[in-house]
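Everything on this sheet refers to the single structure shown next.
Please treat every number below as a calculation from the coordinates, not as lab data. Because the structure is a prediction, the values reported are computed rather than measured.
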């Protein structure tokens, strides 16, 4: 999240991203923490990434509200 316009990312319905955790090898996941911001985290309960990093804020990314609404819609139709 460097100055200027925030970097936009796509939320997929499963919220997984293609990158692997640098510490345990699990697929990283986007976790919505505010209306338009997600933190990229490792879903493994045994792994603390990125909370054991000096700058966990580097893993916060901007998410367009239309993408958030689309994921919510997909989840509701699965219920």
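Take the alpha carbon gyration tensor of the range 34-79, find the square roots of its eigenvalues, order them as a ≥ b ≥ c, and report rounded if a/c is under 1.5; if not, report prolate when a/b exceeds b/c, else oblate.
oblate
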Hey, what did the range 8-78 get for relative contact order, percent, Cα under 8 Å, at least 6 apart? 32 percent
